[in-house]
């Protein structure tokens, strides 16, 4: 799908082609249909902001409304520019599914990261399974560091704790969304700059034949 945004911020949907990317729209029941307008209205922006409250690690900027579904309220499939929150991170695009209830409630029901063909070809040119995770790191901390201080550091970099190796003063931490090698390296350097952090390692994947 080609989305055009003019200098005044008005958005329109242009050419639609089949890229093979799985969005899940066609698999959902309840009448998904192409949005009558790609414009992200003030009402949708308000619900989007409310639904994202508390979700850290990635910034999502709504670009265009692609599809809608009438339920007990409305669901929207929104194309967003997404960027992991730390220096050096590159921007990408994601499909964010927003539910807007009749009672004013708002909820993100799904997020799908989109990869361009060049990135897919780069990944496919090597092994099918990456050598290490592109969103998880293993962090060793000082024995003297308080858990509160460590959690504050992680939160400031958009990281959440997925496992606490309590007996080893280590944590497995994760971004909300995968990044690239450059972004992962920048994040590791940022973590290593803190006195409370002793070591930062990639989360390597073991291949068992």
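All of the numbers you see were taken from the coordinates with simple rules; none came from a lab. Since the structure is predicted, the reported quantities are computational estimates derived from the model, not experimental observations. Heads up, the Cβs are rebuilt from the backbone with ideal geometry, glycines too, and the neighbour counts pull from every protein chain shown.
Tabulated results
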read-out	value
Separation in nanometres of the label points that stand 7 Å from Cα toward Cβ, at residue 91 and residue 132	2.8
Extension gain from residue 182 to residue 163, taking 0.36 nm per residue of separation minus the Cα-Cα distance	4.4 nm
Residues 43, 82 arranged by fewest to most Cβ contacts within 10 Å	43, 82
Förster radius 25 Å - calculated FRET efficiency between residue 71 and residue 113, Cβ distance, rounded to 0.05	0.55
Whole-Å semi-axes of the ellipsoid equivalent to segment 126-204 (Cα gyration tensor, √5λ, descending)	22, 13, 11
Per-residue Cβ neighbour rank within 10 angstrom, fewest leading, 34, 202	34, 202
